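I have placed the structure first, in the form of structure tokens, so that the comments after it can refer back to it.
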Amino acid sequence: MPTQTLSDEASSPSDPSRSAPPVEHTTAKQAAGWHPGSWADRPAGQQPDWPDRAALAASLAELRRRPPLVFAGEARRLTEHLGRVCAGKAFVLQAGDCAESFELSTADQIRDRLKVILQMAVVMQYSAGLPIVKVGRIAGQFAKPRSSATETRNGQTLPVFRGHIVNDIAFEPAARAPDPSRLLQAYGTAAATLNLLRAFTRGGYADLRQVHDWNQAFVASSPAGRRYELLAGGIDAALRFMTACGLDTDASIMRQVELYTSHEALLLGYEEALTRTDSITGDWYDCSAHMLWVGERTRELDGAHVEFLRGVHNPIGAKLGPTATAGEALALCEALNPNRVPGRLTLISRVGAGKVAECYGPILRAVTDAGHPVVWQCDPMHGNTYSTEEGLKTRHFDAILAEIREYFAAHAAAGTWPGGIHLEITGDAVTECVGGGDELAQERLSDRYETMCDPRLNARQSLDLAFLASELLASARTGSS
Ligand code: PEP
Ligand code: CO
């Protein structure tokens, strides 16, 4: 995790109420008419219908008293890294769960998710020779947008599952009732997850000399796992060579990695309660994660989510599905990054295989022509979901890879830099997506189908994808240099 001095810590706003902005924190750089609660005057989609408003107010008040989870200075550092991505000098790997679970936020589970991210990043960094900016969908990815507010089974209708920050997945009235005490549980789980990630990434676990240890046994026995062992052997040899040359392979840059956290900024009350002013710059930061994004279902220009995100200074993302137009993308650029700060805005395309040239091409051209600096990212997951006859949501590895290929091709054609990929993965040996090096068959999906929301690539499939993506990245790099 990034390091920061305590002087960078964001302070609490003196007035915690949402409707009255604390005047002393207003800076010249603050977005006009914005304050952390200004979203409440706009239509906010995807918010739960909390049955107990007094309990909600009490949880939000408690959250406002809690310390920030991340520091403003760390978020700024991520913006700088992403600025290098804009300039074609680095690539982003953003990956993690579709929906994190309170119960599965165990030490082993967190470690295994980290292992896959580290493995994927080192494969891409080694093969393409480029810095990989690592952003986890982790330590806060607890809220899910849903296509319907309710779910009906056998004639019984209950509120839909909206992620562990709101309710539980069991189809029972008590489990499905939105429960505001979960906001505090989400904060606590995010804090514990982040604490462990900071320990792992700074305490020697992410040391490049541990590169073999990131290969879990069930991954090591796969073809991708064996290929990884060869690559790790190459890294060992390179480190020995560097040591022999007298270079310091004991330096902290070899022993630590920077892993940033991110989640969809969906539950605006929660995000607002963790929004604080930075004591150094006086700017507002959403201190629930380093990076936040607005989802495909809540990205309306005059909606509450865009209103909230336009005023926080974190790096932010916006998902763009197949119906997004070039005009909408440009309007989002103007609203979310009017000062055209490189690294501030990531546009995340999730259009589906076969649709990239048609749906993403015009957006790519319009935003480039307008001179907006954006990180272009491909989410090859959300446009390629389908349900089996048994009703299991899945994705085919080939469709995921095809969308990534089309994305690289679109950038090669436009002469622009393909900045990153955004994936739903897990460190476990789940069976949720079909295909990959193992040719996981549809009939095997129910063997270990554990996701609470969308199907994730398992650790073997994730490593497979990293090798294939690194080949595309290596040729994009050669083409652009
Ligand atoms: C997600 O990233 O899990 C998600 C819901 O994405 P989208 O907003 O693109 O559908
Ligand atoms: Co998802």
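Among 407-420, 265-278, how do they line up from the highest to the lowest mean number of other beta-carbon atoms within 10 Å?
In decreasing order of mean packing, 407-420, 265-278 become 265-278, 407-420.
Kindly point out, ordered by number, any Cys in the chain whose beta-carbon has no other cysteine beta-carbon under 4.7 Å away.
Within the chain, the cysteines lacking a partner Cβ under 4.7 Å are Cys86, Cys245, Cys287, Cys333, Cys359, Cys378, Cys433.
Using amide H atoms built 1.01 Å from N in the peptide plane, name the residues 5+ places from His313, or on other chains, whose amide H lies under 5 Å from its own.
Trp284, Tyr285, Asp286
Report the one residue of Pro418, Gly354, His382 whose Cα lies farthest in the direction of the positive end of the charge dipole of the range 331-481 (charges on C-beta: Lys and Arg +1, Asp and Glu -1; origin at the Cα centre).
Pro418
Please work out the FRET efficiency for the pair Asp207 and Ala331, using the Cβ-Cβ distance as r and a Förster radius of 56 Å; give the result to the nearest 0.05.
0.80
For the ranges 307-318, 137-148, what's the packing order if you count other beta-carbon atoms within 10 Å of each residue, average per peptide, and put the highest first?
Highest mean packing first, the order is 307-318, 137-148.
Would you work out the charge dipole size for the chain about its Cα centre, treating the Cβ of every Lys and Arg as +1 and the Cβ of every Asp and Glu as -1, and quote it to the nearest 20 debye?
The calculated dipole for the chain is roughly 740 debye.
Considering the dipole of the chain built from charges on the beta carbon (Lys and Arg +1, Asp and Glu -1) around the Cα centre, which of Ala90, Ala170, Ala55 is farthest to its positive end?
Ranked along the dipole, the leading option is Ala90.
With +1 on each Lys and Arg Cβ and -1 on each Asp and Glu Cβ, and nothing else charged, work out how big the dipole of the range 369-466 is about its Cα centre, in Debye to the nearest 20.
I would put it at about 220 debye.
Rounded, prolate or oblate: which one fits the range 64-144, using the alpha carbon gyration tensor with axes a ≥ b ≥ c (rounded when a/c is under 1.5, else prolate when a/b beats b/c, else oblate)?
oblate
Looking only at the chain, where both bridge partners belong to it, what percent of the DSSP beta bridges are antiparallel (to the nearest 5)?
Here the share of antiparallel DSSP bridges comes out near 30 percent.
Which FRET efficiency value, to the nearest 0.05, do you get for Met242 and Ser279 by plugging their Cβ-Cβ distance into 1/(1 + (r/R0)^6) with R0 = 60 Å?
So the FRET efficiency works out to roughly 0.90.
Mind ranking 374-383, 391-400, 51-60 by how tightly packed they are, going by the mean number of other C-beta atoms within 10 angstrom, highest first?
Packing order, densest peptide first, comes out as 374-383, 391-400, 51-60.
Is any residue of the range 101-134 close enough, with backbone N under 11 Å, to a label point placed 7 angstrom from the Cα of Glu62 along the Cα-Cβ axis, and if so, which?
none
Could you tell me which of rounded, prolate or oblate describes the chain, using a ≥ b ≥ c as the square roots of the eigenvalues of the alpha-carbon gyration tensor, with rounded for a/c under 1.5 and, failing that, prolate when a/b is larger than b/c and oblate otherwise?
The shape class here is rounded.
Can you list the residues, at least 5 places off or on another chain, whose amide H is less than 5 Å from the amide H of Leu423, using H built in the peptide plane?
Gln94, Ala95, Gly96
Taking amide H positions as placed in the peptide plane 1.01 Å from N, state which residues far from Thr261 in sequence (5 or more) or on other chains have amide H under 5 Å from it.
The list, which skips near neighbours in sequence, is Gly136, His290, Met291.
Just so you know, all these numbers are worked out from the coordinates, no wet-lab data involved. Given the structure is predicted, the values throughout are model-derived calculations rather than measurements. Ideal geometry is used to build each Cβ from the backbone, glycine not excepted, and the neighbour counts take in all protein chains shown.
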